[in-house]
Amino acid sequence: MAAWYQTTTIYQIYPRSYKDSNGDGIGDLQGIIQQLDYIRDMGFETIWLSPFYTSPQVDVGYDIADYRNIAPEYGTMADAEQLIEEVHRRGMKIVFDMVMNHTSDQHPWFRESCTSRDNPKADWYIWRDQPNNWKSILGPKGWHYCEARNQYYYASFLPFQPDLNYRNPEVKKEMFDTCRFWLQKGVDGFRLDIFNCIIKDKDFRDNPFSLLHPIPSEEYPGGNFQIRKYSLNQEENFVLAQELRQVVDEFQPDRMLLGEVFGGHENVKQYLGKKQDGLHLVFLFDILFFKFKASYFRKKIAEFEHHYPAPNIPTIVFSNHDQLRSMRRIGNDMQKAKLLAMLQSTVRAVPTFYYGEEVGMTNGYIPIKEGVDAMCKTFGWVPQFIADRLPVAINRDVCRTPMQWNTQKNAGFSTADKTWLPVNKELDNRNVAQQLQQPDSLLHTYRSLLAIRKKEKALHQGDIEIINAGNDQILAYVRTFEKEKLLVFLNFSAKKITVQVKQPVQELVFALQNVEFSPHTYILSGYNGIILKI
Ligand code: GLC
(Lines give C-alpha, C1' and ligand atoms only; values in the text may rest on other atoms or scores of the structure.)
Protein backbone atom coordinates (compact mmCIF):
# COMPACT_ATOMS: atom_id res chain seq x y z
CA MET A 1 0.00 0.00 0.00
CA ALA A 2 1.26 3.46 -0.84
CA ALA A 3 2.25 5.65 2.10
CA TRP A 4 0.00 8.64 2.85
CA TYR A 5 2.64 11.16 1.78
CA GLN A 6 2.82 9.60 -1.68
CA THR A 7 -0.87 9.93 -2.38
CA THR A 8 -1.64 13.16 -0.56
CA THR A 9 -2.39 16.71 -1.68
CA ILE A 10 -0.76 19.61 0.16
CA TYR A 11 -2.25 23.02 0.94
CA GLN A 12 0.25 25.65 2.01
CA ILE A 13 -0.91 28.23 4.53
CA TYR A 14 1.04 31.39 5.23
CA PRO A 15 -0.21 31.93 8.80
CA ARG A 16 0.19 35.70 8.83
CA SER A 17 -2.17 36.02 5.88
CA TYR A 18 -4.80 33.33 6.31
CA LYS A 19 -7.33 34.36 8.96
CA ASP A 20 -7.11 36.84 11.82
CA SER A 21 -9.22 35.70 14.79
CA ASN A 22 -8.44 38.54 17.22
CA GLY A 23 -8.64 41.64 15.05
CA ASP A 24 -4.98 42.72 15.20
CA GLY A 25 -4.52 42.62 11.43
CA ILE A 26 -2.31 39.52 11.57
CA GLY A 27 -3.45 35.98 10.80
CA ASP A 28 -3.14 33.50 13.66
CA LEU A 29 -3.48 29.86 14.69
CA GLN A 30 -7.04 30.22 16.01
CA GLY A 31 -7.94 31.78 12.67
CA ILE A 32 -6.64 28.68 10.89
CA ILE A 33 -8.57 26.43 13.29
CA GLN A 34 -11.75 28.32 12.36
CA GLN A 35 -11.19 27.49 8.69
CA LEU A 36 -10.34 23.79 9.01
CA ASP A 37 -13.80 22.65 7.92
CA TYR A 38 -13.41 24.71 4.76
CA ILE A 39 -10.01 23.14 4.04
CA ARG A 40 -11.33 19.63 4.63
CA ASP A 41 -14.46 20.26 2.55
CA MET A 42 -12.28 21.50 -0.31
CA GLY A 43 -10.57 18.10 -0.24
CA PHE A 44 -7.03 19.13 0.69
CA GLU A 45 -5.44 16.31 2.65
CA THR A 46 -2.29 17.77 4.20
CA ILE A 47 -1.71 21.29 5.50
CA TRP A 48 1.78 22.79 5.46
CA LEU A 49 2.15 25.86 7.65
CA SER A 50 4.91 28.39 7.13
CA PRO A 51 6.72 29.19 10.43
CA PHE A 52 4.91 30.67 13.44
CA TYR A 53 7.61 30.12 16.08
CA THR A 54 9.06 32.91 18.23
CA SER A 55 10.80 35.31 15.88
CA PRO A 56 11.56 38.99 15.38
CA GLN A 57 9.69 38.46 12.06
CA VAL A 58 12.29 40.23 9.95
CA ASP A 59 11.88 37.40 7.43
CA VAL A 60 8.29 36.77 8.57
CA GLY A 61 9.17 33.82 10.76
CA TYR A 62 11.96 32.28 8.67
CA ASP A 63 14.25 33.90 11.26
CA ILE A 64 13.58 31.87 14.39
CA ALA A 65 14.56 32.97 17.90
CA ASP A 66 13.06 30.01 19.78
CA TYR A 67 12.20 26.76 17.98
CA ARG A 68 10.03 25.43 20.77
CA ASN A 69 7.71 28.37 21.29
CA ILE A 70 5.05 30.26 19.41
CA ALA A 71 5.25 33.93 18.41
CA PRO A 72 2.60 35.71 20.52
CA GLU A 73 0.88 37.29 17.51
CA TYR A 74 0.06 33.79 16.25
CA GLY A 75 -1.09 32.34 19.56
CA THR A 76 0.20 29.97 22.22
CA MET A 77 1.56 26.45 22.52
CA ALA A 78 -1.95 25.37 23.53
CA ASP A 79 -3.23 26.78 20.21
CA ALA A 80 -0.56 24.85 18.27
CA GLU A 81 -1.50 21.64 20.09
CA GLN A 82 -5.18 22.27 19.49
CA LEU A 83 -4.48 22.88 15.81
CA ILE A 84 -2.69 19.53 15.45
CA GLU A 85 -5.54 17.78 17.20
CA GLU A 86 -8.28 19.51 15.22
CA VAL A 87 -6.57 18.73 11.92
CA HIS A 88 -6.29 15.07 12.86
CA ARG A 89 -9.90 14.97 14.07
CA ARG A 90 -10.91 15.93 10.54
CA GLY A 91 -8.81 13.16 9.01
CA MET A 92 -6.13 15.47 7.63
CA LYS A 93 -2.36 15.72 8.23
CA ILE A 94 -0.31 18.72 9.26
CA VAL A 95 3.29 19.51 8.43
CA PHE A 96 5.28 22.31 10.07
CA ASP A 97 8.10 24.31 8.55
CA MET A 98 11.54 23.59 9.99
CA VAL A 99 14.29 26.12 9.39
CA MET A 100 17.39 24.13 10.26
CA ASN A 101 19.96 26.01 8.23
CA HIS A 102 19.95 29.25 10.20
CA THR A 103 18.49 31.04 13.18
CA SER A 104 17.62 34.68 13.68
CA ASP A 105 20.53 36.87 14.77
CA GLN A 106 18.30 37.55 17.80
CA HIS A 107 18.37 33.90 18.85
CA PRO A 108 20.06 33.60 22.29
CA TRP A 109 22.52 31.10 20.76
CA PHE A 110 23.76 33.62 18.24
CA ARG A 111 23.82 36.48 20.71
CA GLU A 112 26.05 34.39 22.92
CA SER A 113 28.12 33.08 20.04
CA CYS A 114 28.88 36.65 19.01
CA THR A 115 30.27 37.77 22.33
CA SER A 116 33.67 36.02 22.20
CA ARG A 117 35.63 33.20 20.61
CA ASP A 118 35.42 30.95 23.64
CA ASN A 119 31.87 31.09 25.02
CA PRO A 120 29.79 27.87 25.22
CA LYS A 121 28.07 28.70 21.92
CA ALA A 122 31.23 30.01 20.22
CA ASP A 123 31.27 27.14 17.72
CA TRP A 124 27.52 26.97 17.02
CA TYR A 125 27.74 29.14 13.91
CA ILE A 126 30.15 29.32 10.98
CA TRP A 127 32.95 31.70 11.92
CA ARG A 128 36.14 32.57 10.01
CA ASP A 129 38.95 35.04 10.52
CA GLN A 130 38.91 35.82 6.85
CA PRO A 131 35.95 35.28 4.53
CA ASN A 132 36.40 33.13 1.43
CA ASN A 133 34.57 34.13 -1.77
CA TRP A 134 31.19 32.50 -1.03
CA LYS A 135 28.22 34.62 -1.86
CA SER A 136 24.75 34.15 -0.38
CA ILE A 137 22.16 32.31 -2.46
CA LEU A 138 20.49 35.63 -3.13
CA GLY A 139 23.60 36.95 -4.83
CA PRO A 140 25.31 39.45 -2.53
CA LYS A 141 28.14 38.62 -0.10
CA GLY A 142 27.60 35.80 2.37
CA TRP A 143 30.06 36.81 5.12
CA HIS A 144 29.36 39.45 7.73
CA TYR A 145 31.70 41.05 10.26
CA CYS A 146 31.30 40.81 14.04
CA GLU A 147 33.39 43.25 15.99
CA ALA A 148 33.40 41.48 19.38
CA ARG A 149 35.06 38.42 17.80
CA ASN A 150 36.90 40.26 15.08
CA GLN A 151 35.61 37.50 12.78
CA TYR A 152 33.07 36.91 10.04
CA TYR A 153 30.00 34.68 10.15
CA TYR A 154 28.37 33.12 7.11
CA ALA A 155 24.70 33.55 6.15
CA SER A 156 23.32 31.61 3.17
CA PHE A 157 20.30 33.90 2.92
CA LEU A 158 19.99 37.38 4.47
CA PRO A 159 22.60 38.84 6.88
CA PHE A 160 20.34 38.54 9.97
CA GLN A 161 20.00 34.76 9.39
CA PRO A 162 23.36 33.30 10.51
CA ASP A 163 23.95 29.69 9.43
CA LEU A 164 24.27 27.07 12.16
CA ASN A 165 27.38 24.89 12.24
CA TYR A 166 26.31 21.27 11.79
CA ARG A 167 29.90 20.05 12.10
CA ASN A 168 29.41 20.73 15.79
CA PRO A 169 27.61 17.59 17.14
CA GLU A 170 25.85 19.66 19.81
CA VAL A 171 24.10 21.70 17.12
CA LYS A 172 22.97 18.65 15.22
CA LYS A 173 21.69 17.00 18.37
CA GLU A 174 19.81 20.11 19.46
CA MET A 175 18.11 20.52 16.06
CA PHE A 176 17.24 16.83 15.76
CA ASP A 177 15.79 16.99 19.29
CA THR A 178 13.76 20.02 18.24
CA CYS A 179 12.25 17.95 15.45
CA ARG A 180 11.51 15.18 17.98
CA PHE A 181 9.85 17.76 20.23
CA TRP A 182 7.28 18.58 17.54
CA LEU A 183 6.93 15.00 16.32
CA GLN A 184 6.05 14.02 19.88
CA LYS A 185 3.32 16.62 19.77
CA GLY A 186 1.89 14.75 16.81
CA VAL A 187 2.97 16.85 13.85
CA ASP A 188 3.06 14.71 10.68
CA GLY A 189 6.38 15.95 9.41
CA PHE A 190 8.28 18.95 8.16
CA ARG A 191 8.83 21.08 5.14
CA LEU A 192 12.57 21.70 5.36
CA ASP A 193 13.69 25.23 4.58
CA ILE A 194 16.75 25.61 2.26
CA PHE A 195 17.88 22.17 3.34
CA ASN A 196 20.54 21.96 0.62
CA CYS A 197 22.52 24.83 2.11
CA ILE A 198 23.14 23.25 5.49
CA ILE A 199 26.54 21.53 5.20
CA LYS A 200 29.34 23.42 3.53
CA ASP A 201 32.77 22.34 2.36
CA LYS A 202 34.85 21.66 5.43
CA ASP A 203 37.94 23.25 3.90
CA PHE A 204 36.05 26.37 2.81
CA ARG A 205 37.40 26.16 -0.73
CA ASP A 206 36.51 29.13 -2.91
CA ASN A 207 33.57 28.67 -5.26
CA PRO A 208 34.48 28.78 -8.98
CA PHE A 209 33.95 32.03 -10.83
CA SER A 210 31.78 31.69 -13.93
CA LEU A 211 31.17 34.34 -16.56
CA LEU A 212 28.39 32.15 -17.91
CA HIS A 213 26.25 32.32 -14.78
CA PRO A 214 25.32 35.93 -14.02
CA ILE A 215 21.66 35.09 -13.34
CA PRO A 216 20.35 32.50 -10.87
CA SER A 217 18.76 29.40 -12.35
CA GLU A 218 17.42 26.11 -11.02
CA GLU A 219 20.60 24.35 -12.13
CA TYR A 220 22.95 27.09 -10.89
CA PRO A 221 21.31 28.81 -7.92
CA GLY A 222 22.60 32.17 -6.79
CA GLY A 223 24.08 33.26 -10.10
CA ASN A 224 26.20 36.38 -9.64
CA PHE A 225 29.09 34.88 -11.63
CA GLN A 226 29.63 32.12 -9.10
CA ILE A 227 28.92 28.38 -9.15
CA ARG A 228 27.97 27.35 -5.60
CA LYS A 229 30.15 24.25 -5.84
CA TYR A 230 31.33 24.23 -2.24
CA SER A 231 28.47 25.96 -0.45
CA LEU A 232 25.45 24.00 -1.75
CA ASN A 233 24.48 20.34 -2.19
CA GLN A 234 27.54 18.79 -0.56
CA GLU A 235 27.73 14.98 -0.27
CA GLU A 236 27.46 15.32 3.50
CA ASN A 237 24.21 17.17 3.02
CA PHE A 238 22.71 14.09 1.36
CA VAL A 239 23.89 12.10 4.39
CA LEU A 240 22.23 14.62 6.69
CA ALA A 241 18.95 13.88 4.91
CA GLN A 242 19.35 10.21 5.80
CA GLU A 243 20.19 11.00 9.39
CA LEU A 244 17.10 13.18 9.72
CA ARG A 245 15.05 10.42 8.14
CA GLN A 246 16.19 8.11 10.93
CA VAL A 247 14.91 10.64 13.43
CA VAL A 248 11.43 10.76 11.92
CA ASP A 249 11.42 6.98 11.50
CA GLU A 250 11.51 6.71 15.30
CA PHE A 251 7.85 7.77 15.19
CA GLN A 252 4.65 5.98 14.29
CA PRO A 253 2.43 6.48 12.36
CA ASP A 254 4.69 7.47 9.45
CA ARG A 255 5.92 11.05 9.29
CA MET A 256 7.06 12.95 6.22
CA LEU A 257 10.03 15.12 5.18
CA LEU A 258 9.61 17.48 2.26
CA GLY A 259 12.77 19.27 1.21
CA GLU A 260 13.16 22.74 -0.16
CA VAL A 261 16.25 21.86 -2.18
CA PHE A 262 17.42 23.18 -5.51
CA GLY A 263 20.35 22.87 -7.87
CA GLY A 264 19.37 20.56 -10.74
CA HIS A 265 17.86 17.06 -10.71
CA GLU A 266 21.23 15.32 -10.35
CA ASN A 267 21.64 16.98 -6.96
CA VAL A 268 18.06 17.23 -5.88
CA LYS A 269 17.26 13.55 -6.33
CA GLN A 270 20.12 12.53 -4.10
CA TYR A 271 18.21 13.89 -1.11
CA LEU A 272 15.73 11.05 -1.56
CA GLY A 273 18.44 8.46 -0.86
CA LYS A 274 19.34 5.57 -3.13
CA LYS A 275 17.14 3.19 -1.15
CA GLN A 276 14.35 5.65 -0.43
CA ASP A 277 16.07 6.27 2.89
CA GLY A 278 16.39 10.06 2.68
CA LEU A 279 13.73 12.76 2.43
CA HIS A 280 10.32 11.49 1.31
CA LEU A 281 9.68 14.30 -1.15
CA VAL A 282 11.57 17.19 -2.71
CA PHE A 283 10.16 20.26 -4.37
CA LEU A 284 10.80 20.49 -8.10
CA PHE A 285 10.79 24.22 -8.45
CA ASP A 286 11.57 24.76 -12.10
CA ILE A 287 7.95 24.05 -12.99
CA LEU A 288 6.96 27.18 -11.05
CA PHE A 289 8.23 29.06 -14.09
CA PHE A 290 6.12 27.08 -16.52
CA LYS A 291 5.14 28.11 -20.00
CA PHE A 292 1.42 27.56 -20.56
CA LYS A 293 1.93 25.09 -23.38
CA ALA A 294 1.13 21.42 -23.78
CA SER A 295 4.63 20.83 -25.19
CA TYR A 296 6.25 22.39 -22.12
CA PHE A 297 4.33 20.14 -19.71
CA ARG A 298 4.81 17.07 -21.89
CA LYS A 299 8.55 17.57 -21.66
CA LYS A 300 8.47 18.31 -17.93
CA ILE A 301 6.43 15.21 -17.09
CA ALA A 302 8.85 13.06 -19.09
CA GLU A 303 11.80 14.69 -17.34
CA PHE A 304 10.26 14.17 -13.89
CA GLU A 305 9.42 10.55 -14.69
CA HIS A 306 12.98 9.98 -15.81
CA HIS A 307 14.53 11.41 -12.65
CA TYR A 308 11.90 10.41 -10.07
CA PRO A 309 10.47 7.05 -11.20
CA ALA A 310 8.23 5.14 -8.75
CA PRO A 311 8.51 4.48 -5.86
CA ASN A 312 9.68 8.10 -5.85
CA ILE A 313 7.10 10.66 -6.74
CA PRO A 314 7.54 14.18 -8.12
CA THR A 315 5.94 17.22 -6.49
CA ILE A 316 4.15 19.84 -8.55
CA VAL A 317 3.92 23.42 -7.34
CA PHE A 318 2.88 26.51 -9.29
CA SER A 319 2.81 29.15 -6.53
CA ASN A 320 4.28 29.69 -3.08
CA HIS A 321 5.20 32.43 -0.60
CA ASP A 322 8.46 33.26 -2.38
CA GLN A 323 7.38 33.52 -5.99
CA LEU A 324 4.86 35.42 -8.04
CA ARG A 325 1.48 33.72 -8.04
CA SER A 326 0.91 31.51 -11.09
CA MET A 327 -2.08 33.66 -12.12
CA ARG A 328 0.42 36.16 -13.48
CA ARG A 329 1.87 33.58 -15.86
CA ILE A 330 -1.55 32.89 -17.32
CA GLY A 331 -2.71 36.48 -17.64
CA ASN A 332 -5.27 36.14 -14.81
CA ASP A 333 -7.38 33.88 -16.96
CA MET A 334 -9.76 31.70 -14.94
CA GLN A 335 -10.20 29.09 -17.70
CA LYS A 336 -6.47 28.59 -17.84
CA ALA A 337 -6.39 28.39 -14.03
CA LYS A 338 -8.91 25.56 -14.17
CA LEU A 339 -6.81 23.70 -16.70
CA LEU A 340 -3.73 24.09 -14.52
CA ALA A 341 -5.64 22.83 -11.48
CA MET A 342 -6.70 19.84 -13.54
CA LEU A 343 -3.17 19.11 -14.64
CA GLN A 344 -1.91 19.47 -11.10
CA SER A 345 -4.45 17.10 -9.62
CA THR A 346 -4.33 14.41 -12.30
CA VAL A 347 -0.63 14.07 -13.16
CA ARG A 348 1.59 11.61 -11.24
CA ALA A 349 2.74 13.88 -8.44
CA VAL A 350 2.05 15.21 -5.01
CA PRO A 351 0.44 18.55 -5.81
CA THR A 352 1.18 21.47 -3.50
CA PHE A 353 -1.34 24.30 -3.64
CA TYR A 354 -0.86 27.74 -2.17
CA TYR A 355 -3.65 29.40 -0.17
CA GLY A 356 -5.90 31.49 -2.39
CA GLU A 357 -4.87 29.63 -5.53
CA GLU A 358 -8.24 27.88 -5.33
CA VAL A 359 -10.10 31.15 -5.91
CA GLY A 360 -7.62 32.54 -8.43
CA MET A 361 -5.93 35.09 -6.17
CA THR A 362 -3.54 37.32 -8.08
CA ASN A 363 -0.40 39.17 -6.99
CA GLY A 364 -0.92 42.35 -5.01
CA TYR A 365 0.71 45.54 -6.15
CA ILE A 366 3.11 46.68 -3.42
CA PRO A 367 6.04 48.81 -4.58
CA ILE A 368 9.49 47.81 -3.31
CA LYS A 369 9.79 51.08 -1.38
CA GLU A 370 6.67 50.18 0.64
CA GLY A 371 7.59 46.52 1.04
CA VAL A 372 7.68 44.73 4.39
CA ASP A 373 9.70 41.83 2.97
CA ALA A 374 13.35 41.96 4.09
CA MET A 375 14.43 41.26 0.52
CA CYS A 376 13.27 44.77 -0.35
CA LYS A 377 16.32 46.09 1.52
CA THR A 378 18.68 43.91 -0.49
CA PHE A 379 17.05 44.76 -3.79
CA GLY A 380 15.85 48.29 -3.00
CA TRP A 381 18.15 49.62 -5.72
CA VAL A 382 16.21 47.87 -8.48
CA PRO A 383 14.00 50.41 -10.29
CA GLN A 384 10.32 49.61 -9.85
CA PHE A 385 9.57 49.39 -13.57
CA ILE A 386 12.22 46.68 -13.89
CA ALA A 387 10.99 44.84 -10.77
CA ASP A 388 7.48 44.81 -12.27
CA ARG A 389 8.79 42.97 -15.30
CA LEU A 390 10.99 40.39 -13.61
CA PRO A 391 9.85 36.76 -13.67
CA VAL A 392 10.77 36.45 -9.95
CA ALA A 393 9.54 38.39 -6.91
CA ILE A 394 12.07 40.65 -5.24
CA ASN A 395 9.31 42.00 -3.02
CA ARG A 396 7.62 38.81 -1.90
CA ASP A 397 4.81 40.78 -0.21
CA VAL A 398 2.98 40.69 -3.50
CA CYS A 399 2.24 36.98 -3.22
CA ARG A 400 1.55 37.10 0.53
CA THR A 401 -1.50 39.38 0.65
CA PRO A 402 -4.38 38.30 2.91
CA MET A 403 -6.65 35.43 1.97
CA GLN A 404 -9.85 36.56 0.29
CA TRP A 405 -12.78 35.01 2.13
CA ASN A 406 -15.69 37.22 1.13
CA THR A 407 -16.72 40.74 0.09
CA GLN A 408 -16.75 42.20 3.59
CA LYS A 409 -14.14 44.43 5.22
CA ASN A 410 -10.59 43.26 4.41
CA ALA A 411 -12.12 40.47 2.31
CA GLY A 412 -13.17 38.80 5.56
CA PHE A 413 -9.54 38.24 6.59
CA SER A 414 -9.60 40.59 9.57
CA THR A 415 -11.74 43.19 11.31
CA ALA A 416 -8.71 45.45 11.92
CA ASP A 417 -8.51 48.90 10.36
CA LYS A 418 -5.05 48.12 9.07
CA THR A 419 -3.90 44.65 8.08
CA TRP A 420 -0.21 43.66 8.06
CA LEU A 421 -0.26 43.74 4.26
CA PRO A 422 -2.98 45.47 2.29
CA VAL A 423 -5.73 43.23 1.01
CA ASN A 424 -5.45 42.89 -2.74
CA LYS A 425 -7.75 45.08 -4.77
CA GLU A 426 -9.37 42.22 -6.52
CA LEU A 427 -10.67 41.50 -9.89
CA ASP A 428 -14.28 40.24 -10.04
CA ASN A 429 -15.26 37.49 -7.62
CA ARG A 430 -11.99 36.07 -6.38
CA ASN A 431 -13.12 35.11 -2.90
CA VAL A 432 -14.41 31.98 -1.21
CA ALA A 433 -17.96 33.08 -0.31
CA GLN A 434 -18.91 34.14 -3.81
CA GLN A 435 -17.31 31.18 -5.51
CA LEU A 436 -19.04 28.76 -3.15
CA GLN A 437 -22.32 30.07 -4.59
CA GLN A 438 -21.23 29.56 -8.21
CA PRO A 439 -21.25 25.94 -9.37
CA ASP A 440 -18.87 26.65 -12.26
CA SER A 441 -16.31 28.62 -10.20
CA LEU A 442 -12.62 27.80 -9.94
CA LEU A 443 -13.21 26.82 -6.31
CA HIS A 444 -15.76 24.20 -7.33
CA THR A 445 -13.45 22.95 -10.04
CA TYR A 446 -10.82 22.35 -7.35
CA ARG A 447 -13.35 20.63 -5.13
CA SER A 448 -14.50 18.28 -7.86
CA LEU A 449 -11.00 17.49 -9.03
CA LEU A 450 -9.71 16.80 -5.52
CA ALA A 451 -12.69 14.54 -4.85
CA ILE A 452 -12.09 12.56 -8.05
CA ARG A 453 -8.39 12.33 -7.33
CA LYS A 454 -9.11 10.95 -3.87
CA LYS A 455 -11.61 8.42 -5.20
CA GLU A 456 -9.67 7.13 -8.20
CA LYS A 457 -6.61 5.05 -7.32
CA ALA A 458 -5.29 5.52 -10.84
CA LEU A 459 -5.01 9.24 -10.12
CA HIS A 460 -3.43 9.16 -6.68
CA GLN A 461 -1.36 6.00 -7.03
CA GLY A 462 -1.20 5.00 -10.66
CA ASP A 463 1.56 5.04 -13.28
CA ILE A 464 1.59 7.64 -15.96
CA GLU A 465 2.16 7.31 -19.67
CA ILE A 466 2.15 10.28 -22.01
CA ILE A 467 0.25 9.58 -25.21
CA ASN A 468 0.02 11.29 -28.55
CA ALA A 469 -3.41 12.83 -29.04
CA GLY A 470 -2.68 13.81 -32.63
CA ASN A 471 -2.46 17.53 -31.89
CA ASP A 472 0.52 19.25 -30.29
CA GLN A 473 -1.73 21.54 -28.24
CA ILE A 474 -3.33 18.64 -26.41
CA LEU A 475 -1.54 17.20 -23.43
CA ALA A 476 -2.73 13.63 -22.98
CA TYR A 477 -1.78 10.87 -20.60
CA VAL A 478 -3.06 7.59 -19.21
CA ARG A 479 -3.02 6.90 -15.50
CA THR A 480 -3.09 3.20 -14.66
CA PHE A 481 -3.54 1.36 -11.40
CA GLU A 482 -3.91 -2.41 -11.75
CA LYS A 483 -6.91 -2.79 -14.06
CA GLU A 484 -8.11 0.77 -13.67
CA LYS A 485 -7.27 3.15 -16.51
CA LEU A 486 -8.04 6.81 -16.79
CA LEU A 487 -7.33 8.89 -19.84
CA VAL A 488 -6.74 12.63 -19.41
CA PHE A 489 -6.91 15.15 -22.26
CA LEU A 490 -6.04 18.80 -21.66
CA ASN A 491 -6.52 21.37 -24.38
CA PHE A 492 -3.92 24.11 -23.95
CA SER A 493 -5.24 26.17 -26.84
CA ALA A 494 -8.16 28.59 -27.14
CA LYS A 495 -9.42 26.63 -30.14
CA LYS A 496 -11.80 23.71 -30.44
CA ILE A 497 -9.87 20.48 -30.96
CA THR A 498 -11.25 17.03 -31.73
CA VAL A 499 -9.57 14.00 -30.22
CA GLN A 500 -10.07 10.37 -31.19
CA VAL A 501 -10.20 7.62 -28.60
CA LYS A 502 -9.69 4.15 -30.00
CA GLN A 503 -10.55 2.17 -26.87
CA PRO A 504 -14.13 1.76 -25.69
CA VAL A 505 -14.90 4.41 -23.07
CA GLN A 506 -16.73 3.30 -19.95
CA GLU A 507 -17.44 6.71 -18.55
CA LEU A 508 -16.79 10.42 -18.95
CA VAL A 509 -15.56 10.95 -15.40
CA PHE A 510 -15.03 14.69 -15.54
CA ALA A 511 -15.03 17.64 -17.92
CA LEU A 512 -14.07 21.25 -17.21
CA GLN A 513 -16.70 22.50 -19.65
CA ASN A 514 -19.36 20.86 -21.78
CA VAL A 515 -18.06 18.39 -24.35
CA GLU A 516 -19.65 17.13 -27.51
CA PHE A 517 -18.90 13.49 -28.13
CA SER A 518 -19.78 10.44 -30.11
CA PRO A 519 -18.43 6.97 -29.20
CA HIS A 520 -14.85 7.54 -30.38
CA THR A 521 -14.66 11.30 -30.81
CA TYR A 522 -14.52 14.08 -28.24
CA ILE A 523 -14.66 17.74 -29.20
CA LEU A 524 -12.80 19.84 -26.65
CA SER A 525 -13.55 23.56 -26.57
CA GLY A 526 -10.69 25.97 -25.79
CA TYR A 527 -8.94 25.19 -22.46
CA ASN A 528 -11.26 22.30 -21.82
CA GLY A 529 -10.06 19.13 -20.16
CA ILE A 530 -11.65 15.70 -19.75
CA ILE A 531 -11.05 12.50 -17.82
CA LEU A 532 -12.29 9.26 -19.38
CA LYS A 533 -12.45 5.85 -17.79
CA ILE A 534 -11.43 3.20 -20.31
C1 GLC B 1 13.22 29.77 2.04
C2 GLC B 1 11.86 30.31 2.40
C3 GLC B 1 11.90 31.80 2.32
C4 GLC B 1 12.89 32.30 3.35
C5 GLC B 1 14.27 31.67 3.11
C6 GLC B 1 15.18 31.87 4.29
O7 GLC B 1 13.54 29.98 0.72
O8 GLC B 1 10.90 29.73 1.56
O9 GLC B 1 10.65 32.39 2.53
O10 GLC B 1 12.99 33.69 3.26
O11 GLC B 1 14.19 30.28 2.91
O12 GLC B 1 14.73 31.14 5.39
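At-a-glance table
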quantity: Residue in the stretch 269-280 that is more than 20 Å from the chain's Cα centre (by Cα), assigned to a helix (DSSP H, G or I) and either over 16 Å from residue 348 (Cβ atoms) or acidic (Asp, Glu) (or both) present; calculated: no
quantity: Long-range neighbours under 9 Å by Cβ, at least six apart or interchain, first residue assigned by TED's automatic domain parsing to the domain that holds residue 466 and within 23 Å of residue 295 (Cβ to Cβ) within the stretch 478-503, second open to solvent by less than 60 Å² (accessible area, probe 1.4 Å) and acidic (Asp, Glu); calculated: 479/456; 486/456
quantity: Yes/no for residue 261 being β-branched (Val, Ile, Thr) and more than 16 Å from the ligand (Cβ to nearest atom); calculated: no
quantity: Number of the condition not met by residue 412 [criteria: (1) touching a residue at least 12 places away in the same chain (Cβ under 8 Å); (2) more than 29 Å from residue 460 (Cβ to Cβ); (3) open to solvent by 30 Å² or more (accessible area, probe 1.4 Å)]; calculated: (3)
quantity: Among (1) within 16 Å of the ligand (Cβ to nearest atom); (2) at pLDDT 95 or above; (3) open to solvent by 30 Å² or more (accessible area, probe 1.4 Å) - the single one residue 217 does not satisfy; calculated: (2)
quantity: Single residue of the stretch 415-441 satisfying the filter (open to solvent by less than 20 Å² (accessible area, probe 1.4 Å) and not assigned by TED's automatic domain parsing to the domain that holds residue 39) that is nearest to residue 328 (Cα to Cα); calculated: 421
quantity: Total residues in the stretch 14-29, condition of a type in the set (S, T, N, Q) and surrounded by fewer than 24 Cβ atoms within 10 Å (Cβ to Cβ); calculated: 2
quantity: Residues of the stretch 328-361 classified as within 19 Å of residue 13 (Cα to Cα) and either among the basic types (Lys, Arg) or open to solvent by less than 10 Å² (accessible area, probe 1.4 Å) (or both), total; calculated: 14
quantity: Some residue of the stretch 153-165 being open to solvent by 10 Å² or more (accessible area, probe 1.4 Å), assigned to a loop (DSSP other than H, G, I, E, B), within 16 Å of the ligand (Cβ to nearest atom) and under 26 Å from residue 282 (Cβ atoms); calculated: yes
quantity: Neighbours by Cβ (under 7 Å, 6+ apart or cross-chain): first from the stretch 374-386, of a type in the set (Gly, Ala, Ser); second within 13 Å of the ligand (Cβ to nearest atom); calculated: 374/58; 374/59; 374/158
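The values are calculated or read from the model by the stated rules, or taken from the named source; none is laboratory data. In this text the structure is predicted, and so the values were computed from the model without any measurement. FYI the Cβ positions are ideal-geometry reconstructions off the backbone, even for glycines, and counts take in every protein chain you see. All accessible areas refer to the heavy atoms of the entire protein, side chains included, with ligands and DNA or RNA removed. Shrake-Rupley method; radii C 1.70, N 1.55, O 1.52, S 1.80 Å.
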